[in-house]
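The values are calculated or read from the model by the stated rules, or taken from the named source; none is laboratory data. It should be emphasised that the depicted structure is a prediction, and the values quoted were computed from it without experimental measurement. Cβ placement follows ideal geometry from the backbone for every residue including glycine, while neighbour counts extend to all protein chains displayed.
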Amino acid sequence: MIRTRFVLFTLAAIILTALTTPGRLAAQAGSIRGTVTDSATRSPLQGALVTVVGTAIRTETNSNGQYALTAVSPGTVAVRVQMIGYTPAERSVVLGAGLEATLDFALATGVTQLEEIVSVGYGTTTRGELSTAVSSVGAEELANQPISSVDGALQGKAPGVQVVQNAGNPGNGVSVRIRGAASVSASNDPLYVIDGVPMIAGDISQLDLGGQSINAIGGLSVDEVASVDVLKDAAAAAIYGSRGSNGVVLINTKRGAVGRTNVTFNSYVGTQSPSKRLELLSGPEYLEIFNESAANDGYGENFYGEPGIADSVSTDWQDAVLRSAPVSSSELAVSGGDQKLQYRLSGTWYDQEGIVRGSGYRRLGGRINLDFNPTGTPSLRTGLAISGDRNKRVEGDGSGVGIITNTLGETPCRPTMS
C-alpha cells in the first residue's frame, strides 16, 4: 500500500513539473525592441529585415521604423538588420531573463555592384544571359557633349550603328542606320521607343529646305537619358514586328531613387566658329578676270566695269554671312523618394545660334517621372514630358541658290548693306 502511494506521488510530481516547465521557460525569455532609421536623413525605414543571428527569429520594421523581437533566449544576443540599398548592420546586447532590451540602428546608404542590365524590348536581362545583338550606351558616355539630340550623341558610341548629320545647321535631323540601309525607296530610320512608348520616326518637316529636316526625337534632351539600347538583329526586335525591321533604339529616361531629395544642376556655355575660310579674289582681281572673260567672248573691253571705279570695294562676303556664335545648355532636376513613391522632375534648356547669320535652334522642355509602389504589387510607373523648340533654318546646302553658295560666288565689287 505504501509502495503504491509512493508511485502515485512520483507520477503526480513528474506531471506537475512537465506542466509548469514551459511557463517558466517563457517567463525567462526576453524581448528586444528598437527603431531603424536612415543615418543621413534620420527618417524611419519601413520594411527592413531584423533577425536574431543564429536563430529563426525575425521580423520587419513598420511604417515608423520600429520592430519587436519576442521569445529571445537570455544572454548575449546578436541582432542583424539589412535592407536593399543600405549597408547591413549588426549589434550585440546582453539580454536578461524576462527583460526587454532596446537596440536602435542607423543604416548607411550602400552601393552594390550589379551586373549590367540590358533592355531587350520584352523586358530586361543581364549582359551575361544575352544572346542577341544589342549595343548599350550609358548616361556617362552621353554626358558633357555639346550636341542637341540623342541620336547625334550616339555617333561613334555603338558598333554597327551609322550616324550621319544631314546638314550643318543647328537642330537639324540626323540619319541613323543600323547595319546599313535595308530599302531603296522606303524609310530606313529605326524605331525609337522611349520608356516603352514607340515614337514617330523620320522627317516631320512641313517644308523642304535643301535636304534639311527635323525629327521628333530631337525634342528629347541628352541630359534626361539614363541609357540607350540598340536592338540590331531580328531576334531582338521581333516583338515590334515590321516597325522594327530597321532596328530599334530603346531609350530609358532617368528616374527617381529611394533616398533623400537630390537637387542637381548641369550647365555649359561655349562658342562655335567656322573652322576654315576660303581665300577669295579681291575686287580688282575679280573685275580683271571677268572683264577678260567677257572680252574673250566678244562682249568688248571692260564689260563688267571700269578698273579703278567698279572695283573700288573688296567685300569678303564670308565676313558678312559667317560669325562666331554661342551655344548653351542647362538642366535643373529634383529627384528622391521612399519605398512607396520615387520621383524625378526636370527642366531643360538648349540654345544654339548658328554660325550663319539668321540661323539658330532653341528648345525648352520638362519631364516628370513617377514610380508608385504602395503595397509591393502591383506598381505604377508613369511619365509626362513636354517640349517646344524654335528652329530658324536658312537654305544653305543641297541647292545652287543657298546662302553658302552665294557667299562664295558673289562679286566682291558690291558693298554690303547695313
Suppose the filter is farther than 21 Å from A257 by Cα, modelled with pLDDT under 90 and surrounded by 12 or more Cβ atoms within 10 Å (Cβ to Cβ); does G34 pass it? no
Going through region 233-263 in order, the residues found to be part of a strand (DSSP E or B) and within 22 Å of F372 (Cα to Cα) are I251, N252, T253, G259, R260, T261, N262, V263
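Looking at V111, V164 in this structure, which one is part of a loop (DSSP other than H, G, I, E, B), surrounded by fewer than 15 Cβ atoms within 10 Å (Cβ to Cβ) and at pLDDT below 85?
Among V111, V164, only V111 is part of a loop (DSSP other than H, G, I, E, B), surrounded by fewer than 15 Cβ atoms within 10 Å (Cβ to Cβ) and at pLDDT below 85.
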Residue set V225, V184, V248; condition at pLDDT below 80, farther than 29 Å from V321 by Cα and among the hydrophobic types (A, V, I, L, M, F, W, C); output residue V184
Index of the failed condition, E410 passing every other in (1) in contact (Cβ under 8 Å) with a residue 40 or more places away in the chain; (2) touching a strand residue (DSSP E or B) at 6+ places or on another chain (Cβ under 7 Å); (3) of a type outside the set (F, W, Y): (2)
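Condition check ((1) of a type outside the set (A, V, I, L, M); (2) under 34 Å from the mean Cα position of the chain (by Cα); (3) surrounded by fewer than 17 Cβ atoms within 10 Å (Cβ to Cβ)) across all residues:
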position: V52; (1), (2), (3): no, no, no
position: A56; (1), (2), (3): no, no, yes
position: Q66; (1), (2), (3): yes, no, yes
position: V72; (1), (2), (3): no, no, no
position: G75; (1), (2), (3): yes, no, yes
position: Y86; (1), (2), (3): yes, yes, no
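Do you know which residues across region 213-232 are of a type in the set (D, E, K, R) and farther than 18 Å from N266 by Cβ?
Looking only at region 213-232, we keep the residues that are of a type in the set (D, E, K, R), and these are 223-224, 229, 232.
If the condition is that a residue be of a type in the set (D, E, K, R) and farther than 18 Å from N266 by Cβ, then D229, K232 are the ones that fit.
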Over region 33-78, the set of residues among the β-branched types (V, I, T) and either touching a helix residue (DSSP H, G or I) at 6+ places or on another chain (Cβ under 7 Å) or under 13 Å from D338 (Cα atoms) (or both) is T37, T41
Counted residues, region 315-335 - those being crowded, with 17+ Cβ neighbours inside 10 Å and either under 18 Å from the mean Cα position of the chain (by Cα) or part of a strand (DSSP E or B) (or both): 7
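Identify all residues within region 268-294 that are farther than 27 Å from G354 by Cα and either touching a Ser or Thr at 6+ places or on another chain (Cβ under 7 Å) or part of a loop (DSSP other than H, G, I, E, B) (or both); write none if there are none.
Hits for region 268-294 are G283, Y286.
Restricting region 28-70 to residues that are of a type in the set (K, R) and outside any loop (DSSP other than H, G, I, E, B), which is farthest from A97 (Cα to Cα)?
Kept after step one, since they are of a type in the set (K, R), are these residues of region 28-70: 33, 42, 58.
In the following step, the residues that additionally are outside any loop (DSSP other than H, G, I, E, B) were identified as 33, 58.
Working: R33: 15, R58: 19 Å.
Top of the filtered list is R58.
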Test: S312 is out of contact with any helix residue (DSSP H, G or I) (no Cβ under 6 Å at 6 or more places or on another chain), in a loop (DSSP other than H, G, I, E, B) and among the small types (G, A, S): yes
First in region 237-249 and surrounded by 24 or more Cβ atoms within 10 Å (Cβ to Cβ), second anywhere and assigned to a helix (DSSP H, G or I), Cβ under 8 Å, 6 or more apart: A237/G244; G247/A237; V248/A236; V248/A237; V248/Y240; V249/D151
Do you know which of the residues in region 336-369 that are within 14 Å of the chain's Cα centre (by Cα) and surrounded by 20 or more Cβ atoms within 10 Å (Cβ to Cβ) is nearest to T41 (Cα to Cα)? R344
Could you tell me whether G358 is within 30 Å of T407 (Cβ to Cβ) and either in a strand (DSSP E or B) or not acidic (D, E) (or both)? yes
Given E279, E285, which one is under 30 Å from P146 (Cβ atoms) and of a type in the set (D, E)? E279
Would you check if there is a residue in region 138-154 being in a helix (DSSP H, G or I), at pLDDT below 80 and not basic (K, R)? no
Only one of (1) among the hydrophobic types (A, V, I, L, M, F, W, C); (2) within 29 Å of the chain's Cα centre (by Cα); (3) not assigned by TED's automatic domain parsing to the domain that holds I147 fails for I289. Which number is that? (2)
